[in-house]
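Below: one structure, written as structure tokens.
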Amino acid sequence: MSEPLTLDPSQLPDISNLVLEDDTPLDSFINEKQQRLLTTVLYSGGDTGITVPFIAAANVGLFSSIRQPGIAPDVFLSINITGAEDWWERKVRSYLFWEFGKPPEIAIEIVSPTPGNELGSKLTDYARMRIPYYVVYDPLRELRGSTLRVFELQNQSYAPKTDAWFPEVGLGLTLWEGEFEKVGGTWLRWCYPSGDPIPTGDELAAQKDAQLSRKDAQLSQKDAQLSQKDAQLLEEQARTKRAFIQMIELGLKLKFGEEGLLLLDEISAISDVAVLQAIASGTAAANNLDEIRQIYQS
């Protein structure tokens, strides 16, 4: 973790003449998208694993001393920062180490066709600033080497790091093939220990939509299953009713002849299977049609 800086307010330097902004334009739209992917994803509301106050920013100047010029990395991440409430104040428009109390943990440079001394002067400058990790992402292979280089501060200089995991931060970096804001390609992304990228806001929304779609499909399937069961039950009840009606018809005819069939229309209108069963059972013992009527009219 980067080293904390503690200064008494009376020791804070005068920055009135310090050049905090140089209005240097970005290299390309792709670089701008890449920078935004690395910053906005940490503010998207998903689970990043960072549980402390932090700043993730692009093209913001880092100043470790008023006697040294600032550097604006493409992206930096600083955790456990003290921060300031009024971001419009001049003293916090750039990342002044003495105001925020510490250097950032990670500085990232994205190599473009425009020379940037990513493996030259910047390597020395970031080490001088005591930034624990320095990352160089070279998507176009302009530096004729690995696409992703990670350096770790050891004593006064950087040494190559064999992986892109940062234990003090609880995050890693990974190269991801896919589409970001409708542009496909290889993107540098923050990731979990598993290597899975931290989802963007759009990806989180897509995940929620997919979950809702699955739930809707499951509910539709359950409704269809219930409808099928209801239909099967109704069909079974209809078959049972027809069977009892046939039994009652035969019983009435055998017991009372054609006169008994006069009740058949009334009995056929009965939907309660239990009542029909009672009529079928009571027909043999009935002495007249009134006794049968009492069974379903009571």
Practice prompt. Any chance you could give the angle, 0 to 90 degrees and rounded to 10, that helix 29-40 forms with the longest Cα principal axis of the chain?
Written response: 70
Discussion item. Given contacts defined as C-alpha pairs under 8 Å and at least six residues apart, what's the relative contact order of region 177-298, whole-number percent?
Written reply: 15
Discussion item. Compute a Gaussian network model of the chain, connecting alpha carbons closer than 10 Å, and tell me which residue from S271, S227, S78 fluctuates the most.
Written reply: S271
Worksheet, complete the sentence: HN-Hα couplings for region 121-127 via Karplus (6.51, -1.76, 1.60; θ = phi - 60°), in whole Hz with x for Gly/Pro, come out as 5, 5, 4, 6, 5, 5, 5
Fill in: Karplus-derived 3J(HN,Hα), 6.51/-1.76/1.60, for each residue of region 95-108, Hz, glycine and proline x
8, 8, 4, 6, 7, 8, x, 5, x, x, 7, 9, 10, 10
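Going by average Cβ density within 10 Å per residue, which order do the peptides 144-153, 283-292 take, highest to lowest?
Details: 144-153: 15.7, 283-292: 14.2.
Peptide ranking by packing, descending: 144-153, 283-292.
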Worksheet item: Once the Cα atoms of helix 201-256 and of the chain are each reduced to a long axis, what angle between those two axes, in degrees from 0 to 90 to the nearest 10, is obtained?
Response: 10
Worksheet item: In whole Å, how far is the Cα centre of region 35-84 from that of region 232-266?
Response: 84
Discussion item. If I take R0 = 51 Å and measure r between the Cβ atoms of S157 and Q225 in this structure, what FRET efficiency does the formula 1/(1 + (r/R0)^6) give, to the nearest 0.05?
Written reply: 0.15
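Which shape class, rounded, prolate or oblate, goes with the chain when its Cα gyration tensor gives a ≥ b ≥ c as root eigenvalues, a/c under 1.5 marks rounded, and past that a/b bigger than b/c marks prolate?
Values: a/c = 5.49, a/b = 4.01, b/c = 1.37.
It comes out prolate by the Cα gyration axes.
As an exercise, use a Förster radius of 22 Å and the Cβ-Cβ distance of M247 and N287 to find the FRET efficiency, rounded to the nearest 0.05. Intermediate results must be reported in sequence, preceding the final value.
On the way: r = 19 Å, r/R0 = 0.87.
In this case the efficiency is close to 0.70.
Read-outs: derived from the displayed coordinates by stated rules, not from any lab. In this text the structure is predicted, and so the values were computed from the model without any measurement. So basically every Cβ, Gly included, is an ideal-geometry build from the backbone, and we count neighbours across all protein chains shown.
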